[in-house]
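The values are calculated or read from the model by the stated rules, or taken from the named source; none is laboratory data. Model, not experiment: these values are computed from the prediction. Counting neighbours? That spans all protein chains shown, and the Cβs are built from the backbone with ideal geometry, glycine included.
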Amino acid sequence: MANPVTGHVVAELVFFASIREALDCDRLTLDIKDGTPLSELIDVLAVEKGENWREALTAENVRVAVNQELVKGNPRVNPGDEIAFFPPVTGG
Amino acid sequence: MANPVTGHVVAELVFFASIREALDCDRLTLDIKDGTPLSELIDVLAVEKGENWREALTAENVRVAVNQELVKGNPRVNPGDEIAFFPPVTGG
Amino acid sequence: MVEVNYRVVVQEPAFSQQDEYERLRTSALNVGAVVTFAGTVRDINDDDTVTALRLEHYPGMTEKEIQKIIAEAAERWVVIDATVIHRVGDLHPGDEIVFAGVASEHRGDAFEACAFIMDYLKTRATFWKKESTTQGDRWLTTRQSDVDAAEAWREPSLKE
Amino acid sequence: MVEVNYRVVVQEPAFSQQDEYERLRTSALNVGAVVTFAGTVRDINDDDTVTALRLEHYPGMTEKEIQKIIAEAAERWVVIDATVIHRVGDLHPGDEIVFAGVASEHRGDAFEACAFIMDYLKTRATFWKKESTTQGDRWLTTRQSDVDAAEAWREPSLKE
């Protein structure tokens, strides 16, 4: 995905359910470097958006998916990745 | 059930599936005394109908129901009872 | 005895999956799960090609046995409503033979009760099948796997 | 990977039990058993009266997760065909939320595969429910019983 202003390839972040509501945001794009650790991406968001973003995205039980695959720990992410944050699922 | 000729209350015997086919009979009535052991009822049939009836009704796996409840062993049966002989069930 | 709604029918005609499902789903406001089973005549049995199936039963006893099975299921799981429809007469490959359905509050009860009803029906309800195959006609005999499936419900299940 | 036919849909409209059942039943000539599950919105949850439910999901990931669940079921049991339809958007008590169906040769596989698909769907597919009750709105949280049900499939089952 390319940033429409800079033309850079950017990461796309998506938020669902209670996390989307807490952040009042369902989607945003972020310029990141190749191999950025997820924790660093969250540091950037905390600076740009506020500490409440760090709290919401690092709370217990928050699930993270990169390119629609669940990930654990602190994986490295890249420009072009789709990074999703969501609470435990409750379908069915 | 009453015998239409004698007016006596009789036992009704019913036969299903392979047993019905082997005996070429689906239903008959029999004059019996109160408390007749099942084995005696089969003796009567063997005399009246032939030894092949004893074989068919005492073969391994033959199920017997009296008044539509499964029975085991050699229960006593009575005039008015409905006595069924059938092979293991195969529905579903 | 636990009170349980049920519908037990032995009939020649086909059943309507939709009608039976709707009856179960709308049986009560607390229904949260409906599990249905439908069994059909397979074209192959024991490696022979099946051309037709004739089903007979013991009228009266069959219905009583099925009602007992449903009552036993309702003792073991939450069963709001249950249906069993079994066809008799002449059937052919692809035809539906039997419908079983359970409405419950939660899916675990609905799945287990429905599977239990089918396993017990197979070994207790007074039906008999005669198969016409390209190798001739034959009365079916009990499958050990069906006996084992019914027997397994006597053991404490991991899922209980 | 085992080859398996499947149909996975996330949609707002209601589904047709009859159409989904017919598709499974007629999927192949060797289908002998079709098990279906339908889940509905209950009017009571955790003792509060539910007036409405809003379901959201992660488009793309949801469908992939469900396909993975079906593939895993097909590795463990004989699955000829499987369907999952999950509704999203605004729902009300009595509405159908989810349909799962499995066509197999025999009933044991159909029952187990369908129950497995539902248990895994509950804990893996990316859906979220927000409930409106007479006590206010709330996001639902995972039930321990659902986690336990999915976990139980990791253990060797008594029935295998």
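Of note:
- So D:ALA73, is it of a type in the set (Gly, Ala, Ser), farther than 30 Å from C:SER27 by Cβ and more than 11 Å from chain A (Cβ to nearest Cβ): no
- Selection count, the stretch A:27-62, where residues are free of Cβ contacts under 8 Å to residues at least 12 places away in the same chain and on the phi > 0 side of the Ramachandran plot: 1
- Residue among D:ALA149, D:ALA115, D:ALA110, D:ALA100 that alone is more than 11 Å from the chain's Cα centre (by Cα), outside any loop (DSSP other than H, G, I, E, B) and buried (at least 23 other Cβ atoms within 10 Å of the Cβ): D:ALA110
- C:ALA110 meets the conditions (1) within 18 Å of D:ASN30 (Cα to Cα); (2) touching a Ser or Thr at 6+ places or on another chain (Cβ under 8 Å) in every case but one. The failed one is (1).
- The set of residues in the stretch A:48-65 that are in contact with a helix residue (DSSP H, G or I) (Cβ under 9 Å, 6 or more places away or on another chain) and part of a helix (DSSP H, G or I) comprises A:LYS49, A:ASN52, A:TRP53, A:ARG54, A:GLU55, A:ALA56, A:LEU57, A:THR58.
- Subset tally (residues that are out of contact with any Leu (no Cβ under 7 Å at 6 or more places or on another chain), within 14 Å of chain B (Cβ to nearest Cβ), assigned to a strand (DSSP E or B) and modelled with pLDDT of 95 or more) for the stretch C:36-70: 7
- If the condition is being aliphatic (A, V, I, L, M) and under 12 Å from the mean Cα position of the chain (by Cα), then the stretch D:51-80 contributes D:ILE66, D:ILE69, D:ILE70.
- Within the stretch C:1-14, tally of residues that are more than 11 Å from every other protein chain (Cβ to nearest Cβ) and more than 23 Å from C:ARG76 (Cα to Cα): 4
- Taken together, the criteria place D:THR126 among residues that are out of contact with any Pro (no Cβ under 7 Å at 6 or more places or on another chain) and among the polar types (S, T, N, Q).
- Within the set C:ALA125, C:ALA82, the sole residue that is in contact with a His (Cβ under 8 Å, 6 or more places away or on another chain) and of a type in the set (Gly, Ala, Ser) turns out to be C:ALA125.
- Evaluated against (1) in contact (Cβ under 8 Å) with a residue 12 or more places away in the chain; (2) within 14 Å of chain D (Cβ to nearest Cβ); (3) loosely packed, with under 13 Cβ neighbours inside 10 Å, A:PRO87 falls short on exactly one condition, (3).
- From the list A:VAL14, A:VAL71, A:VAL77, the lone residue that is of a type in the set (A, V, I, L, M), in contact with a helix residue (DSSP H, G or I) (Cβ under 7 Å, 6 or more places away or on another chain) and within 24 Å of D:GLU63 (Cβ to Cβ) is A:VAL77.
- Any hit, the stretch A:38-47, residues being assigned to a strand (DSSP E or B) and either surrounded by fewer than 14 Cβ atoms within 10 Å (Cβ to Cβ) or in contact with a helix residue (DSSP H, G or I) (Cβ under 6 Å, 6 or more places away or on another chain) (or both): no
- Within the stretch C:129-139, one or more residues are over 20 Å from C:ILE69 (Cα atoms), within 17 Å of the chain's Cα centre (by Cα) and among the basic types (Lys, Arg).
- Answer from A:ALA65, A:ALA22 - the residue that is free of Cβ contacts under 8 Å to residues at least 24 places away in the same chain, within 13 Å of chain D (Cβ to nearest Cβ) and of a type in the set (A, V, I, L, M): A:ALA65
- Annotation note: of D:ASP95, D:ASP81, the sole residue that is more than 9 Å from chain C (Cβ to nearest Cβ), out of contact with any helix residue (DSSP H, G or I) (no Cβ under 8 Å at 6 or more places or on another chain) and surrounded by fewer than 24 Cβ atoms within 10 Å (Cβ to Cβ) is D:ASP95.
- Checking C:ARG76, C:ARG124 one by one, the residue that is basic (Lys, Arg) and either in contact with a strand residue (DSSP E or B) (Cβ under 9 Å, 6 or more places away or on another chain) or modelled with pLDDT under 95 (or both) is C:ARG124 and no other.
- Conditions (1) aliphatic (A, V, I, L, M); (2) crowded, with 16+ Cβ neighbours inside 10 Å; (3) more than 12 Å from the chain's Cα centre (by Cα); number of the one not met by A:LEU57: (3)
- Filter result for C:VAL31 (within 11 Å of another protein chain (Cβ to nearest Cβ) and in a loop (DSSP other than H, G, I, E, B)): yes
- Selection of first residues in the stretch C:128-151 that are more than 9 Å from every other protein chain (Cβ to nearest Cβ) and of second residues that are acidic (Asp, Glu), restricted to Cβ pairs under 6 Å at least 6 apart or on distinct chains, gives the following pairs, ordered by first then second residue: C:THR133/C:ASP48; C:GLN135/C:ASP48; C:ARG138/C:GLU131; C:ALA150/C:ASP119.
- Residue within the stretch C:103-117 that is among the β-branched types (Val, Ile, Thr) and facing another protein chain (nearest Cβ under 7 Å) present: no
- Test for C:GLU65: is it among the charged types (D, E, K, R) and surrounded by fewer than 21 Cβ atoms within 10 Å (Cβ to Cβ): no
- Qualifying residue in the stretch B:36-59 (condition: among the acidic types (Asp, Glu) and under 26 Å from C:LEU55 (Cα atoms)): yes
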